[in-house]
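Taking it in order: structure first as structure tokens, then the write-up.
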Amino acid sequence: MTTPPGMRAYRALLRTLPPLFRTSYASEMEALFREVVRAQRRRGRMAWLAAWMRGAVDVLFLALRLRFRSRSGRRHGATGGGGLQSAVQDLHFSLRSLRRRPLFATVGVLTLSLAIGASTAMFSVVNGVLLKSLPYKEPGRLVAVWQTIPNRLGRAGVEGRLWDRARLTYSQYRDLSEDDRIYERLAAYRAGTTDIATLTGIGWPMELRAGAASASLLPLLGVRTVLGRWFLPEEEATGSGQGGAPVAVISHDLWEGPFGGTSDVIGRSVTLDDEPITIIGVLPQGFRVHWLSASFSGEGDPGNRDIWFPIGAPGWPAGHNAYSWEVIGRMALGVTLDEARRATHAVLSRHPDTRGDAGVYPRSREETRGLGSPLLLLLGATGLLLLIACGNIATLTAAELRGRRHELATRSAMGAGAWRIVRLLMTESLLLGLMGSAIGAVLAFGGTEVLVALAPPIPRLGEVGVDLRVLGFSTLLGVCAALIFGSGPSFAVSRGAVGSLSIGAVHATESRHRFSGAVLGIEIALTVVLLVAGGLLTRSLTRLLNVDPGFDAKGLATVEVRLPFSRYPLQDPELRAGFFQNAINQLEGIPGIGSVSGTSRLPFPGQTSNWSVRIPGREEWFSPLGYQVGPGYLETLGVPLLAGRALAKSDGPDASLAVVINETMARRYWPGESPVGHRLEWNGSTDPLTVVGVVGDMKRQALSADAEPAFFIPFAQHPDWDICFVARTRMDPPEAIPLMGEAVRSVDPELAVRNATTVAALVEDSASQERYRALLMNAFGILATILAAAGVIGVTARSVSLRTREMGIRMALGAQGSGLVKATIRDNLRIGLAGMAIGLLGASWASRLLSPFLFGIEASDLPTYATVILLIGVLSLSASYIPARRISRVDPVDVLRAE
Amino acid sequence: MADPDSQGPDPSQHLPLKTHWFHILTALSEDPLHGSGIVRSVLNQTNGGLRLWPATLYGSLEDLANLGWIEELTELTGLPEGESRRKRIYRLTPAGENILAAEAGRVGQLAQTVLDRLTSRVVP
């Protein structure tokens, strides 16, 4: 029987007991606790958690009692005054004592709750995205199956990049699934971010995110439909990839929305892309399968699809030789990853579609590839925040205790044992920790929602939530932090407290002052690290957003449509070209609109199609990016023409095939000569293309990426089904967007318009990951600054009020008030400088971790460091000046009279 | 707390007994019990009002054994070593019976006093 984590933690907790006691009773206590927990678990997770917490407190109290008793020499009657009564008494006393010192209590609780809230929220995100297992049955055995594709000459793939995660062809998938020794089950699916099905006949035409999947997908994942059924194997395509049944399974959201959430949706016939389709099932809420290829190319994919078709359903053929299927496998029991890879390679290598090697990776790791380190970095940042909060608790408590020496000494003189005093102080810390945790938990709920709402579309974000494990973690964190950092000083004080009323206080004050100084210095150092990290990411983001994309994104509005195959068939390119021209005419009729054109794909978000081209007479094939564009497209975007001429209306279907290429392509394929007038073979047509012009490079997909070779052919000569219309508007672009949508729909009212937005927004969205990181890191940096400032102010204020007597005497002896203020500030400044120095060292080390996320600046960016130094300098000056000023107002006469 | 005089004839210095101690001794007054048996018995006799958590229980058991009011049964029955480690069985010693009786008497007297006062007030 394996030990559940709760029991393991309890066992660890038992180690706090004295060894002698532990050897006698630990195993029995564990067995007893196991019984209790088992009984509570049946009553739900909350009861289980409560039982666990209660058990933990139980052990900790006994540990303290036993350890303290053995230390204080087994004095008679020193059983610690255990029992509920005195605990309640302690609680009352602590509450009263905290209420008497509202500043301390407020700063302590707020400090803790902010840090706990931030780290818990961040931990929830990390937990949901990275740690939680996939929401499928036995996710540990799920793998993603890929193949590598080297390029045609056997060298690395497209434009020098090896495709190490290429999808499989349907026929490869069929071959693989014949052998059930390695994979218990295999499933194939296609759900690209551009896979859209248009639903008509229910209100407005609606674009649905669609996917096609094999009948094995749901059984493989261990998921059931909530209504109706999933596809049967006989509804899937045959080996040729055709002949799937015209059926579909819809998502829970779609069912509850447009279909009204009634059960008569099963068997209902709807029109999708002009095909009659029967709905046979409804998926459970939140069902998602991530299209991994999307996240590999830097696009976000939330993973949920509105509708699923069987492979081979009308409009979803598994094209011959099309590398379009992602394959997910459930390894048979006892099969290792390596065995699976080797067996997969053996099967694939016999297949004619295979050109490279097989790749088999754990599915869970594939889903969050590339996300781990940025998220963990942010979690680390919240860890620093938590440390700062702990430092605050420690210094605040230490400062408080110095002020309470008299009270504690009096208690001790009146017969309270050392244990009793420590227990009082610990109850206070515990109370502080609990209150901090409670408020922190509330903040965590809100904070998690904010983090999710701000986040760029990353996989599994929908699974993020504050769950009980997270909450338990945060509570434990808060209580432990408060207990350890709040009680550490109290142990020190309690030893000194016994017997010493005021003699020797000066000496103790000195050493404790050094302690607070050290802790504050560390806090400042940690703050410096966070501020530098935030500053670097911000500067990097600014640099990124200032990168010239190669076109002028301001004032551009766009709407996108997809023409359905059924009404715009392959063999009638004139239909598509006609639609394009009519739509352009309508768009040009909008008052206040400037130049209008269209393209198959905009450079942002940057879906691609790589087409193969070859220069006649040369052997090598290239795969530049290909775009079909209308006349005036490049001019509308503001891309400069560098040589030759632009594409024009005269480049019609009957004219000779013309192409405009970008600078990178010109330089790479025709180094040292002008490409204008040269010919180009293209696998999309039998006739060669003639290069008529060269234009400037445009960035694609990411501003940080280098320009890739690209070419533009006239839309009229090779019309696509996907069209993005763009317009440079004289009005505010957002105002133009709805008008543009109407204009396009007036040509074909059955079309759904999507991605209606400004091009500037598309460009900005490409930096959403960077923005998220910078935003969070800065938020944490600011929080850290506030906490550290609170720490400095709190400690200075306390030490000033404690030194009032000393100051009064000094002033009576002739010292200047302003000189004393200066001395206090000088003390703090020294701490600030030391902290800053350590912090800068730490930051220069930590920023190396950041360097993969930086663009256009060095990790040792001077302006960032200078700003942080200035900020911290001002901060430590002002944080000490405010309380220190009080010194100059001390009236020596009052002080001496008080003596 | 292994002071030899704590087992002396005058148990009154320990009265009133701590609540936990009282309930544990009461639980053991019927039969010798092991840890979880004591927990269950205390739950029963307090109608579920008092649950002894493991650390509290074994902390108290050690205190009571040190006072000489309870003793472990394992050595006496000569169970094999491994067995005895797993389940310690406790029973009341004569000293424990005395102290429990003294406490019961004290509580009983107190209860009687209360009842007397209440009835004498209600009747007239």
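A few points about this structure:
- Spin-label pair A:SER656-A:LEU813: with each label point 7 Å from Cα along the Cα-Cβ axis, the two points sit 10.3 nm from one another.
- Put the Cα centre of region A:748-765 next to the Cα centre of region A:843-878 and the gap is 39 Å.
- Sequence ranges A:141-149, A:279-287, A:528-536, A:636-644, ranked by mean other-Cβ count within 10 angstrom, highest first: A:528-536, A:141-149, A:279-287, A:636-644
- Pairwise label distance in nanometres, B:GLN109 with A:ARG181, each label 7 Å out on the Cα-Cβ vector: 8.8 nm
- Averaged over the residues of peptide B:46-58, the number of Cβ atoms from other protein chains lying within 10 Å of each residue's Cβ is 6.
- Three-way shape call for region A:568-749 based on the alpha-carbon gyration tensor, with the a/c threshold at 1.5: prolate
- Straight-line cross-link reach from A:LYS699 at under 16 Å between alpha-carbon atoms covers these lysines, not counting any fewer than eight positions away in the same chain: A:LYS554.
- Label point distance in nm, A:ALA643-A:SER801, each placed 7 Å from Cα along Cα→Cβ: 7.9 nm
- Theoretical FRET efficiency, 1/(1+(r/R0)^6), r = Cβ-Cβ of A:LEU468 and A:ARG369, R0 30 Å, to 0.05: 0.55
- 222 nm mean residue ellipticity, helices alone, for the protein assembly as shown (DSSP H n ≥ 4; -39,500 (n - 2.57); rounded to 500): -17500 deg cm²/dmol
- In plain terms, the chain from A:VAL226 to A:SER612 could stretch by 134.4 nm, reckoned as 0.36 nm per residue minus the Cα-Cα distance.
- Neighbouring Cβ atoms from other chains, within 10 Å of the Cβ of residues in A:7-17, number 1 on average.
- Region B:12-66 versus region A:357-374: alpha-carbon centroid distance in Å: 55 Å
- Helical segments meeting 20 Å axial Cα length and Kyte-Doolittle 1.6 threshold in chain A (DSSP H): A:102-126
- If R0 is taken as 22 Å, the Cβ-Cβ distance between A:VAL442 and A:ILE484 corresponds to a FRET efficiency of 0.40.
- Cα gyration tensor shape for region A:709-841, rounded if a/c is under 1.5, else prolate or oblate: prolate
- Sorting the segments A:390-397, B:98-105 by their mean number of nearby beta carbons within 10 angstrom, highest to lowest, gives A:390-397, B:98-105.
- Separation between Cα centres of region A:220-253 and region A:637-658, rounded to whole Å: 46 Å
- For A:26-35, mean number of other protein chain Cβ atoms within 10 Å: 5
- Take every DSSP beta bridge whose two residues both sit in region A:151-355; close to 75 percent of them are antiparallel.
Each reported figure results from applying straightforward, stated rules to the coordinates on display, with no laboratory input. Everything numeric here is computed off the predicted structure, so don't read it as measured data. Using ideal geometry, Cβ is built from the backbone for each residue, glycine included, and neighbour counts are taken over all protein chains shown.
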